[in-house]
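Report on one structure; see the data block that follows.
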Amino acid sequence: MTLRDVLYDWFGLNRWLFVAVHSDGSSALDTVMRALSEVADYRYFPVYLAVGIAVVWGLRRAGRSAEIVRDAMWRFALGFAVGVLLVGTLKVAFDFPRPFFTVGAESMAPLCALDSTYSLPSGHAAFAALIATVLWPLTRAYGRVALVLFAGAVGLSRVWLGVHFPADVAAGYLCGFAAAWIAQHLLGVLARDRAAGVALLAALAVFTMDQSTKTAVVLAFGLHEPISLTSYLNLSYWRNTGTAFGLLSQAGGELRSLFVLIAIVASYWLRRFILASHSSPLQKYGFALILGGAVGNLFDRVFRGAVVDWIDFHWDSWHWPAFNLADSAITLGIICLVLAAVHDRAVTRASSLLRGTDGSER
């Protein structure tokens, strides 16, 4: 028994549900399901955002408070960006095929056009979950029931049309909820402590750039096939099961699991340090760079099975161990912390020189 049997195949239930729900194209509900799928297409994000902005403008014109709707639109915009990153990265990392590639029957063909062959997670389900989560605080009991039914119907439509397994839809819901929570948390911190909020946004930016470049490398390069840019720089695709810069790359499975545990604990404490009131702005940014890099490599270990390295500096036949943007961010973050420590020590020493041994001013 593998982890996939439990988390994705559901001991055969995932495939059974798909076959039971998927339409053969002769049902009267096919048009309704296509409409539901179309409404939750993430490419309509600008339309939904424009509607929200129009509502805010209308409320202000009417002299009514629009703050709660405005905040929801900020959560929606940031949550959408996070969701696109999560869904896109996970699709490439898992590389699970669409149902009709695995079921193998002609009647299992999809009833609508596909934008890719990557099945997990469902982008439509993630977008529907994001919409429902963002609108949840703006609605009451009946509205919330409608939001749950909307998200559920969108997920059902994706299985009905034959483009996703139920497990793909469930994973999409998790991505949508996670994106909404991350957006709300970041905006909340930004409202309370601007420096900490900017630092967390910087960590998110590091994670975004790191995962975007890794995904591009996985899609564009073959394993261990270098492309020379200059006489000292190559781009290449390497899978590193060790620590940063290829250290301990021959470690066994137990030690790699330990790396994952250490990264999780370290990420928790780095976030705590960023939110701490006694941390200086430079320290917060240093912690943020390390956090973004650590989470980027942690994401690789959990979802890709190994860290993707792609930057290869060399001089003649000597090569520096391959690394990635996450490793670079961690290094830069450590430099920021060292500079902050040197600055604090210099300030403390200067302050002590201005005071006498008894604490009085000279």
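Using only the Cα atoms of the stretch 254-321, build the gyration tensor, take square roots of its eigenvalues as a ≥ b ≥ c, and label the shape rounded, prolate or oblate: rounded if a/c is under 1.5, else prolate if a/b is larger than b/c, else oblate.
Working: a/c = 3.08, a/b = 1.46, b/c = 2.11.
The shape class here is oblate.
Any idea what the dipole of the chain comes to, in debye rounded to 20, about its Cα centre with Lys/Arg Cβ at +1 and Asp/Glu Cβ at -1? It would help to have the intermediate numbers written out before the result.
Working: 28 positive and 24 negative charges, 277 e Å.
Charge dipole, the chain, about its Cα centre: 1340 debye, nearest 20.
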Inset, instruction - Work out the FRET efficiency for V19 and R355 from their Cβ-Cβ distance, taking R0 = 56 Å, and round it to the nearest 0.05. - result: 0.10
Legend entry - Options (i) -0.64; (ii) -0.70; (iii) -0.78 - which one matches log10 I(q)/I(0) by the Debye sum over Cα atoms at q = 0.10 Å⁻¹ as calculated here: (iii)
Legend entry - Cα gyration tensor shape for the stretch 91-238, rounded if a/c is under 1.5, else prolate or oblate: oblate
Inset, instruction - Work out how much length W320 to L223 would gain on full extension: take 0.36 nm times their residue separation and subtract the Cα-Cα distance, in nm to one decimal. - result: 33.1 nm
Legend entry - Cβ crowding within 10 Å averaged over residues, with 285-294, 127-136 ranked highest first: 285-294, 127-136
Legend entry - Rg over Rh, two decimals, the stretch 266-362 (C-alpha only, Kirkwood Rh): 1.20
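By its C-alpha gyration tensor, with a ≥ b ≥ c as the square roots of the eigenvalues, how is the stretch 23-91 shaped: rounded for a/c under 1.5, else prolate for a/b larger than b/c, else oblate? Numbers along the way, then the final one.
Numbers: a/c = 4.23, a/b = 1.64, b/c = 2.58.
Cα axes put the stretch 23-91 in the oblate bin.
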Inset, instruction - Over the chain, calculate the relative contact order: mean separation of alpha carbon pairs under 8 Å at least 6 apart, over the residue count, as a percent. - result: 15 percent
Inset, instruction - Would you work out which of T241, L90, H319 lies farthest towards the positive end of the dipole of the chain, given +1 charges on the beta-carbon of Lys and Arg and -1 on that of Asp and Glu, about the Cα centre? - result: L90
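Pairs of Cα atoms under 8 Å, at least six residues apart: use those to get the relative contact order of the stretch 86-239, whole percent. Before the final figure, lay out each step's value.
Details: 174 pairs, mean separation 36.6, N = 154.
Across the stretch 86-239, relative contact order equals 24 percent.
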Inset, instruction - Go ahead and run the numbers for FRET between R194 and I262, Cβ-Cβ distance against an R0 of 30 Å, rounding to 0.05. - result: 0.45
Inset, instruction - Go ahead and collect, in residue order, the members of the stretch 160-174 whose backbone nitrogen is under 20 Å from a label point 7 Å along the Cα-Cβ direction of A109. - result: 160-165
Inset, instruction - Under 19 Å from a label point 7 Å along Cα→Cβ of R4: give me every residue in the stretch 110-135 with its amide N that close. - result: 117-122
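Keeping every protein chain present and rolling a 1.4 Å probe, give me the accessible area per residue for the chain in Å².
Working: 19730 Å² over 362 residues.
Here the residues of the chain average 55 Å² of exposed surface.
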Legend entry - Listed residues S26, V39, V6: farthest to the positive end of the dipole of the stretch 1-67 (Cβ charges): V39
Inset, instruction - For the stretch 3-98, calculate the relative contact order in percent as a whole number, restricting contacts to Cα pairs under 8 Å that are 6 or more residues apart. - result: 15 percent
Legend entry - Projected label distance in nm at R239 and D41, using a 7 Å step from Cα toward the beta-carbon: 3.5 nm
Legend entry - Inter-part distance where the stretch 326-352 and the stretch 1-42 are each reduced to a Cα centre, Å: 53 Å
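The values are calculated or read from the model by the stated rules, or taken from the named source; none is laboratory data. Computed from a predicted model, the values in this text were never measured in an experiment. FYI the Cβ positions are ideal-geometry reconstructions off the backbone, even for glycines, and counts take in every protein chain you see. Protein only, heavy atoms only, side chains kept; ligands, DNA and RNA dropped before computing areas. Shrake-Rupley method; radii C 1.70, N 1.55, O 1.52, S 1.80 Å.
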